[in-house]
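J.: First, the structure itself, so that you have it in front of you.
The values are calculated or read from the model by the stated rules, or taken from the named source; none is laboratory data. The model shown is predicted, which means the values in this text are computed figures rather than measured ones. Methodologically, a virtual Cβ is constructed for each residue, glycine included, from the backbone with ideal geometry; neighbour enumeration extends over all protein chains shown. For accessibility, only protein heavy atoms count, side chains too; no ligands or nucleic acids. Shrake-Rupley method; radii C 1.70, N 1.55, O 1.52, S 1.80 Å.
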Amino acid sequence: MTNLDPELMKIFTKECSKTAAEATEKSGIDRIIPGCVIDDYLFDPCGYSMNGILKTGEYMTIHITPEKEFSYVSFESNISHDCYRAVIQRVLDTFRPGKFVVTAFACKGLDGDKTHKEITTCTLGGDYLRRDLQYCQLKNYDLTYALYSK
């Protein structure tokens with residue numbers, strides 16, 4: 001995710017948040033995938049990194065570079081969902097990027113077909129428009145890539 005709101009990105013600085021836990025709560029990261037045990041870190045003077053894990057062993061990880069000139073947020077997860085749109089929407093609601101990429105890797109067969117169909121037909125809240133869509137069938141998995149911007 002890029003083109004991020006500078007005011008929101010201030011949360012991930014020592015100037016605004018005293019601890020990583022405070023940044024996690026202020027930003028709403030703790031509500032993206034409820035139930036995760038979170039290990040987070042707030043860098044000095046700015047920057048943020050976290051890993052969250054569920055009892056099932058599934059995870060999410062987030063890395064944030066908050067500087068206005070090159071703000072960037074990455075979100076990655078292996079958590080299985082019936083509807084990825086809901087998770088994607090929570091991530092977008094949390095970070096409100098101007099531009100973002102969704103990349104989905106799925107095992108061959110039904111999972112890959114279902115994931116690709118969901119990403120290609122996914123409508124997201126806000127003013128986001130899909131600008132690019134790529135689909136690659138590789139040996140053991142399928143890859144779907146979609147670029148969105150406001």
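J.: Only one of these conditions is not met by L129: (1) over 30 Å from K14 (Cα atoms); (2) at pLDDT 85 or above; (3) crowded, with 16+ Cβ neighbours inside 10 Å. Which number is it?
T.: (3)
J.: List the pairs whose first member sits in region 84-110 and is open to solvent by 40 Å² or more (accessible area, probe 1.4 Å) and aliphatic (A, V, I, L, M), whose second member is at pLDDT 80 or above and outside any strand (DSSP E or B), and whose Cβ atoms are under 9 Å apart, counting only residues at least 6 apart or on separate chains?
T.: Sorted first by the residue in region 84-110, then by its partner, the pairs are V101/M1.
J.: Moving on to the next point. For region 40-54, indicate whether the set of residues that are in contact with a helix residue (DSSP H, G or I) (Cβ under 9 Å, 6 or more places away or on another chain), surrounded by fewer than 16 Cβ atoms within 10 Å (Cβ to Cβ) and within 16 Å of S17 (Cβ to Cβ) is non-empty.
T.: Checked against the condition, which is being in contact with a helix residue (DSSP H, G or I) (Cβ under 9 Å, 6 or more places away or on another chain), surrounded by fewer than 16 Cβ atoms within 10 Å (Cβ to Cβ) and within 16 Å of S17 (Cβ to Cβ), region 40-54 yields at least one hit.
J.: Mind listing whichever residues of region 55-70 are under 19 Å from D5 (Cα atoms) and surrounded by 12 or more Cβ atoms within 10 Å (Cβ to Cβ)?
T.: Selection gives I62, H63, I64, T65, P66, E67.
J.: Run down G57, G98, G35, G52 and say which single residue is under 27 Å from K150 (Cα atoms) and among the small types (G, A, S).
T.: G98
J.: Mind checking which residues of region 11-39 are of a type in the set (A, V, I, L, M), surrounded by fewer than 17 Cβ atoms within 10 Å (Cβ to Cβ) and farther than 23 Å from Y84 by Cβ?
T.: Result: A21, single match.
J.: Condition check: surrounded by fewer than 16 Cβ atoms within 10 Å (Cβ to Cβ) and farther than 26 Å from K99 by Cβ. Does S74 satisfy that?
T.: no
J.: Please count how many residues of region 66-80 are modelled with pLDDT of 90 or more and among the aliphatic types (A, V, I, L, M).
T.: Number of matching residues: 1.
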